[in-house]
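The values are calculated or read from the model by the stated rules, or taken from the named source; none is laboratory data. Keep in mind that this is a model prediction, so the values were computed, not measured. Cβ placement follows ideal geometry from the backbone for every residue including glycine, while neighbour counts extend to all protein chains displayed. Accessible surface is based on the protein model in full, side chains and every heavy atom, while ligands, DNA and RNA are left aside. Shrake-Rupley method; radii C 1.70, N 1.55, O 1.52, S 1.80 Å.
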Amino acid sequence: MRGVERQSRINEKNRARRTSQDERAERRRASKSGFSNPANPRRSMLLTLICGLFVIYCLFPFLYLLVNSTKTQGDFTSTFGLGFGHEFALWDNLKTVFTYQDGIFGRWLINTLLYVVVGAGGATLLAIMGGYALAKFRFPGRKAVFVVVIGAISVPGIALAVPQFLLFAKLGLTNTPWAMIIPSLISPFGLYLMWIFSDQAVPTELLEAARVDGAGEFRTFWQVSLPLLAPGIVTTSLFTIVATWNNYFLPLIMLKDSSWYPLTIGLNQWKDQASTAGGQAIQNLVVTGSLVTIIPLVIAFLLLQRYWQSGLAAGAVKE
Amino acid sequence: MKMGGSSWDWRGWKFMLPFALVFVFVFIVPIIYAIWISFYQTRMIGGTVFVGLANYVRLIQDAQFWSSVRRVALFTIVQVPIMLFLSAAMALALDSMKLHGSRFFRISTFLPYAVPAVVSTLIWGFVYGAKYGLVGSINDFFGTSLDVLAPSVLLAAIGNIVTWEFTGYNMLIFYSSLSTIPHSLYEAASIDGASEWQIVRRIKLPELRGSLAITVIFSIIGSFQLFNEPSILQNMVPGNAVTTYYTPNMYAYNLSFSGNQSNYAAALAIVMAIITMGIAYAVQLRSMREQMK
């Protein structure tokens, strides 16, 4: 009898120890991830289910895209929207997307990459330097820069686009890649993000120390500050890449020649083909092309998740 | 680096200059140019002539312009609160750590942001389609005659697309500002006997105020600039439900690129800029000023 009692006490103690171990591990994990409330880590099935509904809403268009890119044009218009068609035409569709109209889709893809690398890359660089300057130097005109940039964000795209177009036309820049690249170089939100981030991530004492050691401002920037800014840089480039990859309005007005189109304008042109006189509906290609368009960004989001989330968290707006 | 009151520190400009130069070229010069051309008119006879405020006077009496402004104002009042409520609720749910598989929730709610407006409008347009879309399939199956692209509900259908695109983005801004709250604060609060709900109300919601200002201003600006979704839907909607003056941006676009009325479009753009900036500043400039100590 006593043996059994003792055994159950030991069991009880072991269980308590395991539980507290689990709890500690959970808290460690939680505090490492930086996104949690360790005060009460108990999971709730009800909350998960409610949020699950919202996730279904977020994900079902992706499912729609996946399912429908496997259909032929005939099946697309005749079969159930979220069900498969009579034949599995994904590979055919992909092949046709890249060969239709002499493979212009490949050209659009290369254009988009060019605009993203040069435009978004440049925008990120300018935002890093500008944000760093705003955070770490008290230079004359600093407040004016802030007010003007924030004000500029609220100028409607079209208020800018029409005169931008007229100006670029005068300079002979419309219908060239520059018309896409130059305006993409400015990301007011990127500047804002890098400013907040530099403010927190680069200690002023460290800069002072480097200066005392005789390092020039640019050397200090490259060797001391830039490594500290890495998570902020990943976050900012993610936002500038998305903005450039997904831009629709700017190329719509700036580019007339379809060989300079990015993917977005090209896809919309394919969609509109059905409604032009004598045009052939190619919705299967539009859907498959859309899938190809979003895959690189979705992959980038998934791969860089850890970096951009910590970058955004560190750059998060505080009082 | 605080310098003495009288001596200026110019070093910052070395870093600010590249941004500033490009910014002047793509933002400031075009805005000044727009103001300039808004005082002119191109006439069949006589070419381009200075007309003073004539374009603005015409705009104030333009019923099409005001109907487009009313439409985006209505859109803003309804869509922005719904979207931001969903974003904040989702951010609080994720931050509560009560979700199973919260990583999956985080990434999948943010994923729509990666989708270009063209693609998301195409997908939703196909889903909405009464002939071949998902709505059409539902109608066939249940024998109903739903039509989410009918003029009376079209704006709500567009609101759904915009909500789908940006809820995750705003959620992430809220979420990252929640994650800057030190954990010791929660522990202290729960030792003092605070309930989960009290922690939300007394600690988390006040923390969200800063990012709420940012998301509100971006959302208002975004709604007033509504263009992509309605103009991409235009050809997918039966009839002329999406007019050429459906939103102020569409009106300006059509005036300048198919109507050859760049001067009038410039006046429209400037009035819209003033309206948007006025609203945005009124809503939240105070909170941003505090950062600029």
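Where only DSSP H runs of four or more residues are counted, chain A gives -23000 deg cm²/dmol as its mean residue ellipticity at 222 nm, each run worth -39500 (n - 2.57).
Leaving ligands, DNA and RNA out of it, rank B:F257, B:F126 by accessible area with a 1.4 Å probe, largest first.
These residues rank, largest area first, as B:F257, B:F126.
One decimal place: the segment B:I32-B:V283 gains 87.8 nm when fully extended, by the rule 0.36 nm per residue minus the C-alpha distance. Please check region B:178-212 for residues whose accessible area, probe 1.4 Å, is lower by 30 Å² or more when all protein chains are in place than in their chain alone. Residues passing the criterion (a loss of at least 30 Å², heavy atoms only) are B:S179, B:T180, B:H183, B:Y186, B:E187, B:E196, B:E207.
Across chain A, C-alpha contacts under 8 Å between residues 6 or more apart give a mean separation that, scaled by the residue count, equals a relative contact order of 24 percent. Residues B:H100, B:H183, A:H86, sorted by accessible area with the largest first, give A:H86, B:H100, B:H183 [1.4 Å probe; ligands and nucleic acids excluded]. Taking amide hydrogens as placed 1.01 Å from N in the peptide plane, the amide H of B:Y40 sits under 5 Å from those of B:V51, each at least 5 positions away in sequence or on another chain. Averaging 1/r across all pairs of distinct Cα atoms in region B:72-222 and inverting the result yields a Kirkwood radius of 17.5 Å. Charged neighbours of A:K71, selected by a Cβ distance under 13 Å, balance to -3 (K, R count +1; D, E count -1). Electrostatic tally near A:L134: other residues with Cβ closer than 12 Å to its Cβ, Lys and Arg +1, Asp and Glu -1, net +3.
Counted over all Cα-Cα pairs of chain B, pairs farther apart than 24 Å make up 66 percent. The helix-only estimate of mean residue ellipticity at 222 nm for chain B, built from DSSP H runs of length n ≥ 4 each weighted as -39500 (n - 2.57), is -21500 deg cm²/dmol after division by the residue total.
Take the Cβ-Cβ distance between A:W222 and A:Y57 as r, set R0 to 45 Å, and report the resulting FRET efficiency rounded to the nearest 0.05.
The calculated FRET efficiency here is 0.50.
Computed over the alpha-carbon pairs of region A:143-219, the distance histogram in 10 Å steps reads 15, 30, 27, 17, 11, 0 percent, short to long.
One quarter of the surface of the convex hull around the alpha-carbon atoms of chain A equals 28.2 nm², the direction-averaged projected area. In units of the rule-of-thumb radius 2.2 N^0.38 Å, region B:139-232 shows an alpha carbon radius of gyration of 1.62. Using every pair of separate Cα atoms, the Kirkwood estimate puts the hydrodynamic radius of region A:214-298 at 16.0 angstrom. With a Förster radius of 41 Å applied to the C-beta separation of A:A274 and A:L304, the computed FRET efficiency comes to 0.65.
May I ask for the net charge around B:L99, where only other residues with Cβ less than 13 Å from the Cβ of B:L99 are counted and Lys, Arg are +1 while Asp, Glu are -1? So the environment of B:L99 carries a net charge of +4. Please report the relative contact order for chain B, taking Cα pairs under 8 Å with a sequence separation of at least 6, and give it as a percent rounded to a whole number. This gives 26 percent for chain B. Kirkwood hydrodynamic radius of region A:107-190, from the reciprocal of the average inverse Cα-Cα distance over all distinct pairs: 14.4 Å. Cross-link check: pairs A:K71/A:K95; A:K271/B:K131; A:K95/B:K131 evaluated at a Cα-Cα cut-off of 25 Å; pairs beyond the cut-off: A:K95/B:K131. Shown for chain B are the DSSP H helices of 27 Å or more along their axis, judged by Cα atoms, with a mean Kyte-Doolittle hydropathy of at least 1.0: B:63-95, B:154-178, B:205-224. For A:A215 and A:E87, the difference between the fully extended length at 0.36 nm per residue and the C-alpha to C-alpha distance is 39.4 nm. With the biggest extent put first, the Cα atoms of the protein assembly as shown measure 109, 77, 46 Å across the principal axes. Site pair A:R17 and A:A230 shows an inter-label distance of 3.9 nm when each label is modelled 7 Å from Cα along Cα→Cβ. Using the Cβ-Cβ distance between A:N175 and B:F104 with R0 set to 60 Å, the FRET efficiency from 1/(1 + (r/R0)^6) comes to roughly 0.85. Expressed in units of 2.2 N^0.38 Å, where N is the residue count, the Cα radius of gyration of region A:64-142 is 1.95.
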